[in-house]
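Report on one structure; see the data block that follows.
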Amino acid sequence: MEFKKIQLNGFKSFADKTNFLIEEGLTGIVGPNGCGKSNIVEAIRFGLGEVSAKQLRGKEIDDLIFNGTDNRPSWNLAEVGLFVNIEDTDLENKFESKSLEIARKIWRGEGTNSYINGKEVRLKDIQLLFADASTSARSTSIVSQGRIGAITQAKPEDRKMVLEEAAGILGLQSRRHDSELRLKAA
């Protein structure tokens, strides 16, 4: 599974529809302070299923929507689209496609919706999809501000999650947790 494109529309500082193509090899985001580098990383994390506004440098989830400027009005909707190549993976047969478009939309004061190839799905479906692919919104492969220090100073249970993700069993652990909750409820 590899990312091919990120599309932002009304997300934080990206008022207009903006596309970032991700070519083969290593991709870095470089620019002066205040140009939106961290917002791009946070958009990826939001698209992967992050639900904590604090983890996305906000007080509440509505802080992710373009808030306006002196010259432009605020928006009521933000969209993040992640375009992923799934060719030659198990997912290709499951989705009967060589690529996926994972999208999340957030409406001011109303919450979020999640989509896979234009079909509305549960957020949990997106989170499990990426957990099974050994990545997630809090993945160590996405390095955001202050993340290196947080990993090196992490508690043992947090380090365990990093190792589980690297081993590719994060989705399995999530399903196990859900099953335990259903068993306790029964």
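Every number in this text was worked out from the coordinates using simple rules, so none of it is lab data. Worth saying up front: this structure is predicted, and the values here are computed from it rather than measured. Cβ sites come from the backbone with ideal geometry, for glycine too, and all protein chains shown count toward neighbours.
Points to keep in mind about this one:
- log10 of Debye I(q)/I(0), alpha-carbon scatterers only, for segment 1-128 at 0.11, 0.18 Å⁻¹: -0.39, -1.00
- If you take all other residues with their beta carbon under 14 Å from the beta carbon of Thr69, and give Lys and Arg +1 and Asp and Glu -1, the sum is 0.
- For the cross-link pairs Lys4/Lys119; Lys5/Lys98; Lys37/Lys119; Lys12/Lys105; Lys5/Lys37, the ones whose C-alpha atoms lie over 18 Å apart are Lys4/Lys119; Lys37/Lys119.
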